[in-house]
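Reading through the structure tokens given below for one structure.
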Amino acid sequence: MKFDNTYVHLGDAFYAGSDPAAAPNPGLFLWNSDLARQLMVPDELSRDMSALAQFFSGNRMLPGAQPVAMAYAGHQFGHFAPRLGDGRAHLLGEVLDRDQRRWDIQLKGSGRTAFSRGGDGRCALGPAVREFVMSEAMQALGVPTTRCLAVVTTGESVFREGPSPGAVVTRIAPSHLRVGTFQFFAAGADHEAVEALCDYTIARHFPELEEIQGNKYVALLDSVIEKQIRLIVSWMRVGFIHGVMNTDNTALSGHTIDYGPCAMLGAYDPQTVYSSIDGQGRYAFGNQPGIAQWNMARFAECLLPLVDSDGERALQKLAPLIDEFADRYQRAFVAMMAGKLGLATVAQADEALIGTLLDILQRRQLDYTTAFDRLGRSLQEEDIAQQLRADLGDWFDRWQQRLRGQEHTRAEVQQAMQQHNPVVIPRNHHMEAVLHSCQTSGEATAAEEFLQVLRSPYTRLPQTSRYQDPPADGDRHYQTFCGT
Ligand code: AMP
Ligand code: MG
């Protein structure tokens, strides 16, 4: 692994140097060998479990790593916190993978830092395994996401509701730049720092903007919005509920980050919210596009002073991008849903066709994943078609008629639908059972078996059916907690 640490060159204000805490008895729990190969982890190291445990607990430093805690602020549930920062994470630096792509390597749960406030700097095994499994599932589903290289148990207990084994998860991300990183400096009116951060973000994620005519910070907002829209549309496609879309959890690169209280949608209902700390339903499934827009408005505020020295003129340049967000999102959403329904192009009437289906799913409390999987299969299996006609009424015939207007065979349409509609997702009750098994047995077998299925979410493997059943109670009593 070849470290090349550019973030720290931004200057002292952007981080606090910090060494990970010692882990008394580190043990490798999960290792991502595919990702390790991509990152060019040397083969000898990849085979040496005890060395991996030392490096990815933070006990030993990889050559070239320079551990820091990143500074950031953030709106949490709508309220601004000027100083959050990595309170339990250490950015080790950046590595270039075998395709010359740059990745941040971060340890999470690796001890206290200058930003820990009252926190213990630790992570429990359950949330660490959840992050590993969920992010691998999302990657395989085709959703932009940070990834996990390792989960290492520390040999120490952490105290949450009770004692739990402590763990360190190694997170890999295109970067850890967040809207909150910009807010940290914008709140202190440090325009120079915001500008440095913008230029750094452009160089790292949007190099094509370096050459453009016109104001590159307006273009930056436009590009970041585009990535957010793609991200949220992918979440809506697979039924992912992030649970804590605070601005400090909104990555500039447009990747899913922070799998704390996340969950998957079962029965279709836009109001679905599982997080115990989200009593108002701010981050409910159907609110996610609106919240992304709100977060983009917070990002735009940070850019105002760079766009024009006259506040009014700056606003005139940025506000239209925020105002257009909803329409732009809706177009992307309709195109995505058309894909789920096997429509090769979007026609005028399709938005209504999509809307009616979603209304029926909600009214009849039908499982989101199963419904679309069955629609695809109904093209070849008459018994499923009959059941769906009963479940969906006229709508089913309207859809069939719409498909007949296309020049594709039923087999072709089914194949196209299979690219958009997973047969299996990391359902909440299976995830909980897997975490429980990992915690009580101290073994990773249940997670490994789950991962094997989740890594092929569009293919029916022999063991896939073990994980497809919707929750017996429709997840009515399901609750998630922040991954602390
Ligand atoms: P999160 O909810 O994980 O996005 O974290 C929000 C903020 O709380 C970040 O500044 C974290 O670093 C901090 N934080 C979360 N858990 C802990 C912990 N156990 N110890 C210290 N800081 C934490
Ligand atoms: Mg966070």
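Take G405 and decide whether it is over 27 Å from the mean Cα position of the chain (by Cα) and without any contact (Cβ under 8 Å) to a residue 24 or more places away in the chain. It would help to see each step written out before you state the result.
Details: over 27 Å from the mean Cα position of the chain (by Cα): yes; without any contact (Cβ under 8 Å) to a residue 24 or more places away in the chain: yes.
Against the criterion (over 27 Å from the mean Cα position of the chain (by Cα) and without any contact (Cβ under 8 Å) to a residue 24 or more places away in the chain), G405 qualifies.
Can you tell me how many residues in region 260-277 are of a type outside the set (S, T, Y), touching a residue at least 24 places away in the same chain (Cβ under 8 Å) and open to solvent by 10 Å² or more (accessible area, probe 1.4 Å)?
Of the residues in region 260-277, the ones of a type outside the set (S, T, Y) are 260-267, 269-271, 273, 277.
In the following step, the residues that additionally are touching a residue at least 24 places away in the same chain (Cβ under 8 Å) were identified as 260-267, 269-270, 273, 277.
Going one step further and asking which of them are open to solvent by 10 Å² or more (accessible area, probe 1.4 Å), we end up with 260, 267, 269-270, 273, 277.
So the answer is 6.
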> When residues of region 139-158 are filtered for being away from ligand 1 (no atom under 15 Å from the Cβ) and either over 26 Å from M336 (Cβ atoms) or open to solvent by less than 10 Å² (accessible area, probe 1.4 Å) (or both), how many remain?
Replying inline: 9
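Scanning region 159-194 for residues that are in a loop (DSSP other than H, G, I, E, B) and among the aliphatic types (A, V, I, L, M), which turns out least open to solvent (accessible area, probe 1.4 Å)? Let's see the steps before the verdict.
Here is the first cut: in region 159-194, the ones in a loop (DSSP other than H, G, I, E, B) are 160-162, 174-177, 187-190.
After this cut, where a residue has to be among the aliphatic types (A, V, I, L, M) as well, the list is 177, 187, 189.
On the way: L177: 1, A187: 63, A189: 63 Å².
Filtering region 159-194 for residues that are in a loop (DSSP other than H, G, I, E, B) and among the aliphatic types (A, V, I, L, M), the one least open to solvent (accessible area, probe 1.4 Å) comes out as L177.
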>> For region 239-259, give me each residue that is in a loop (DSSP other than H, G, I, E, B) and either within 12 Å of F182 (Cα to Cα) or without any contact (Cβ under 8 Å) to a residue 40 or more places away in the chain (or both).
In response: T250, L252
>> Please determine whether any residue of region 10-26 is touching a helix residue (DSSP H, G or I) at 6+ places or on another chain (Cβ under 7 Å), assigned to a loop (DSSP other than H, G, I, E, B) and open to solvent by 20 Å² or more (accessible area, probe 1.4 Å).
In response: yes
>> For region 259-291: of the residues being over 10 Å from M245 (Cβ atoms) and of a type in the set (S, T, Y), which is nearest to ligand 2 (Cβ to nearest atom)?
In response: Y259
> Scanning for something assigned to a strand (DSSP E or B) and free of Cβ contacts under 8 Å to residues at least 24 places away in the same chain, does region 143-158 turn up at least one residue?
Replying inline: yes
> Taking D222, is it in a helix (DSSP H, G or I) and within 16 Å of ligand 2 (Cβ to nearest atom)?
Replying inline: no
> Which one of these does E208 not meet: (1) within 16 Å of ligand 2 (Cβ to nearest atom); (2) open to solvent by 20 Å² or more (accessible area, probe 1.4 Å)?
Replying inline: (1)
>> Looking at G118 and the list (1) without any contact (Cβ under 8 Å) to a residue 12 or more places away in the chain; (2) more than 12 Å from ligand 1 (Cβ to nearest atom), which single condition is not satisfied?
In response: (2)
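Do we find that I384 is more than 26 Å from Q271 (Cα to Cα), assigned to a helix (DSSP H, G or I) and at pLDDT 95 or above in this structure? Even if it seems obvious, please write down each step before you answer.
Details: more than 26 Å from Q271 (Cα to Cα): yes; assigned to a helix (DSSP H, G or I): yes; at pLDDT 95 or above: yes.
It is true that I384 is more than 26 Å from Q271 (Cα to Cα), assigned to a helix (DSSP H, G or I) and at pLDDT 95 or above.
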> Which pairs do you get when a residue that is in contact (Cβ under 8 Å) with a residue 24 or more places away in the chain, found in region 62-78, comes within reach of a residue that is within 11 Å of ligand 1 (Cβ to nearest atom) and among the β-branched types (V, I, T), reach meaning Cβ atoms under 6 angstrom, with the pair 6+ apart or on two chains?
Replying inline: A69/T113; G74/T247; H75/T247
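Restricting attention to region 197-205, does a residue exist that is under 18 Å from the mean Cα position of the chain (by Cα), closer than 20 Å to F299 by Cα and not hydroxyl-bearing (S, T, Y)?
Restricting attention to region 197-205, the residues satisfying the condition of being under 18 Å from the mean Cα position of the chain (by Cα) are 205.
Right, trim to closer than 20 Å to F299 by Cα and you get 205.
When the remaining residues are screened for being not hydroxyl-bearing (S, T, Y), the result is 205.
Yes, the conditions are met somewhere in region 197-205.
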>> Residues to consider are V218, V224, V244; find the one that is open to solvent by 30 Å² or more (accessible area, probe 1.4 Å), within 18 Å of A297 (Cα to Cα) and not hydroxyl-bearing (S, T, Y).
In response: V218
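Filter region 350-394 down to the residues that are among the hydrophobic types (A, V, I, L, M, F, W, C) and in contact (Cβ under 8 Å) with a residue 40 or more places away in the chain, then identify the one that is most open to solvent (accessible area, probe 1.4 Å).
Residues of region 350-394 that are among the hydrophobic types (A, V, I, L, M, F, W, C), as a first pass: 352-354, 357-358, 360-361, 366, 371-372, 375, 379, 384-385, 388, 390, 392.
Restricting the remaining residues to those that are in contact (Cβ under 8 Å) with a residue 40 or more places away in the chain gives 353, 357-358, 361, 366, 371-372, 375.
Working: L353: 10, L357: 4, L358: 18, L361: 1, L366: 41, A371: 16, F372: 4, L375: 2 Å².
The qualifying residue most open to solvent (accessible area, probe 1.4 Å) is L366.
The values are calculated or read from the model by the stated rules, or taken from the named source; none is laboratory data. Keep in mind that this is a model prediction, so the values were computed, not measured. Using ideal geometry, Cβ is built from the backbone for each residue, glycine included, and neighbour counts are taken over all protein chains shown. Ligands, DNA and RNA are stripped out before the accessible areas are found, and what is left, the full protein with its side chains, is counted by its heavy atoms. Shrake-Rupley method; radii C 1.70, N 1.55, O 1.52, S 1.80 Å.
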